[in-house]
Amino acid sequence: MRSLLKLRDKRYRKMKKFDVKQAIKVIINPARLEIIKYLLEGPSCATKALAKVNLSQPNLSQHLHRLKDAGIVDCKIRGNERCYFICRQSFVQDIMKTLSDEHEYIACEKPEQGISK
(Lines give C-alpha, C1' and ligand atoms only; values in the text may rest on other atoms or scores of the structure.)
Protein backbone atom coordinates (compact mmCIF):
# COMPACT_ATOMS: atom_id res chain seq x y z
CA MET A 1 0.00 0.00 0.00
CA ARG A 2 2.82 2.42 0.88
CA SER A 3 4.58 1.90 -2.43
CA LEU A 4 1.32 2.64 -4.24
CA LEU A 5 0.96 5.93 -2.31
CA LYS A 6 4.58 6.86 -3.07
CA LEU A 7 4.04 6.13 -6.76
CA ARG A 8 0.85 8.20 -6.83
CA ASP A 9 2.57 11.06 -4.99
CA LYS A 10 5.51 10.96 -7.43
CA ARG A 11 3.18 11.12 -10.42
CA TYR A 12 1.26 14.02 -8.85
CA ARG A 13 4.45 16.03 -8.31
CA LYS A 14 5.47 15.50 -11.92
CA MET A 15 2.05 16.60 -13.18
CA LYS A 16 1.97 19.69 -10.98
CA LYS A 17 2.61 22.89 -12.93
CA PHE A 18 5.79 24.76 -12.01
CA ASP A 19 4.86 28.02 -10.28
CA VAL A 20 7.67 30.54 -10.78
CA LYS A 21 6.37 33.00 -8.17
CA GLN A 22 6.08 30.30 -5.54
CA ALA A 23 9.53 28.94 -6.42
CA ILE A 24 11.09 32.39 -5.96
CA LYS A 25 9.35 32.79 -2.59
CA VAL A 26 10.75 29.45 -1.48
CA ILE A 27 14.29 30.16 -2.74
CA ILE A 28 14.62 33.56 -1.06
CA ASN A 29 14.83 32.09 2.44
CA PRO A 30 18.47 32.51 3.64
CA ALA A 31 18.77 28.89 4.81
CA ARG A 32 17.43 27.61 1.49
CA LEU A 33 19.86 29.86 -0.39
CA GLU A 34 22.70 28.15 1.51
CA ILE A 35 21.33 24.73 0.58
CA ILE A 36 20.96 25.72 -3.07
CA LYS A 37 24.50 27.14 -3.20
CA TYR A 38 25.75 23.82 -1.88
CA LEU A 39 23.64 21.75 -4.30
CA LEU A 40 24.81 23.84 -7.26
CA GLU A 41 28.22 22.20 -6.72
CA GLY A 42 26.57 18.84 -7.47
CA PRO A 43 24.13 16.28 -6.08
CA SER A 44 24.54 15.46 -2.41
CA CYS A 45 23.07 13.18 0.18
CA ALA A 46 21.34 14.83 3.12
CA THR A 47 24.00 13.65 5.58
CA LYS A 48 26.78 15.34 3.59
CA ALA A 49 24.71 18.50 3.17
CA LEU A 50 24.14 18.55 6.92
CA ALA A 51 27.90 18.75 7.50
CA LYS A 52 28.28 21.68 5.07
CA VAL A 53 25.18 23.74 5.89
CA ASN A 54 24.86 25.21 9.37
CA LEU A 55 21.41 23.75 10.17
CA SER A 56 20.01 21.08 12.45
CA GLN A 57 18.91 17.83 10.81
CA PRO A 58 15.16 18.47 11.26
CA ASN A 59 15.56 22.03 9.97
CA LEU A 60 17.52 20.86 6.92
CA SER A 61 14.88 18.21 6.19
CA GLN A 62 12.11 20.79 6.40
CA HIS A 63 13.90 23.17 3.99
CA LEU A 64 14.68 20.37 1.54
CA HIS A 65 11.03 19.32 1.65
CA ARG A 66 9.91 22.88 0.82
CA LEU A 67 12.42 23.07 -2.06
CA LYS A 68 11.20 19.71 -3.33
CA ASP A 69 7.53 20.71 -3.13
CA ALA A 70 8.32 23.88 -5.10
CA GLY A 71 9.88 21.77 -7.86
CA ILE A 72 13.38 23.17 -7.38
CA VAL A 73 15.10 20.05 -6.08
CA ASP A 74 14.36 16.36 -6.27
CA CYS A 75 15.89 13.33 -4.61
CA LYS A 76 16.82 9.76 -5.29
CA ILE A 77 16.65 7.24 -2.50
CA ARG A 78 19.69 4.99 -2.15
CA GLY A 79 19.22 2.56 0.71
CA ASN A 80 18.82 4.72 3.81
CA GLU A 81 20.09 7.90 2.15
CA ARG A 82 18.27 10.55 0.20
CA CYS A 83 20.48 12.19 -2.41
CA TYR A 84 19.25 15.63 -3.47
CA PHE A 85 19.92 17.47 -6.71
CA ILE A 86 18.66 20.62 -8.40
CA CYS A 87 16.16 19.69 -11.08
CA ARG A 88 15.68 23.20 -12.54
CA GLN A 89 19.33 24.02 -13.01
CA SER A 90 19.04 26.96 -15.42
CA PHE A 91 16.23 28.59 -13.43
CA VAL A 92 18.18 28.33 -10.17
CA GLN A 93 21.42 29.54 -11.76
CA ASP A 94 19.64 32.59 -13.20
CA ILE A 95 18.08 33.43 -9.82
CA MET A 96 21.41 32.99 -8.00
CA LYS A 97 23.22 35.11 -10.58
CA THR A 98 20.65 37.87 -10.20
CA LEU A 99 20.96 37.76 -6.42
CA SER A 100 24.76 37.81 -6.49
CA ASP A 101 25.23 40.56 -9.08
CA GLU A 102 26.10 43.97 -7.79
CA HIS A 103 23.60 46.37 -9.13
CA GLU A 104 24.52 49.96 -9.76
CA TYR A 105 22.58 52.46 -7.70
CA ILE A 106 21.44 55.49 -9.66
CA ALA A 107 20.23 58.31 -7.47
CA CYS A 108 17.01 59.86 -8.61
CA GLU A 109 16.37 63.50 -8.03
CA LYS A 110 12.97 64.43 -6.73
CA PRO A 111 11.13 66.82 -9.00
CA GLU A 112 10.72 70.28 -7.60
CA GLN A 113 7.31 70.99 -6.20
CA GLY A 114 5.10 73.15 -8.32
CA ILE A 115 6.65 72.00 -11.59
CA SER A 116 4.23 70.01 -13.66
CA LYS A 117 4.87 68.30 -16.91
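At pLDDT below 95, assigned to a helix (DSSP H, G or I) and surrounded by 13 or more Cβ atoms within 10 Å (Cβ to Cβ): does that describe Leu5? Spell out the reasoning first.
Numbers: at pLDDT below 95: yes; assigned to a helix (DSSP H, G or I): yes; surrounded by 13 or more Cβ atoms within 10 Å (Cβ to Cβ): no.
The answer is no for Leu5.
Going by the conditions given, is Leu99 in a helix (DSSP H, G or I), aliphatic (A, V, I, L, M), modelled with pLDDT of 90 or more and more than 12 Å from the chain's Cα centre (by Cα)?
On the way: in a helix (DSSP H, G or I): yes; aliphatic (A, V, I, L, M): yes; modelled with pLDDT of 90 or more: no; more than 12 Å from the chain's Cα centre (by Cα): yes.
Spelling it out, it is not the case that Leu99 is in a helix (DSSP H, G or I), aliphatic (A, V, I, L, M), modelled with pLDDT of 90 or more and more than 12 Å from the chain's Cα centre (by Cα).
The values are calculated or read from the model by the stated rules, or taken from the named source; none is laboratory data. The structure presented is a predicted model; accordingly, all values stated were derived computationally and were not measured. Methodologically, a virtual Cβ is constructed for each residue, glycine included, from the backbone with ideal geometry; neighbour enumeration extends over all protein chains shown.
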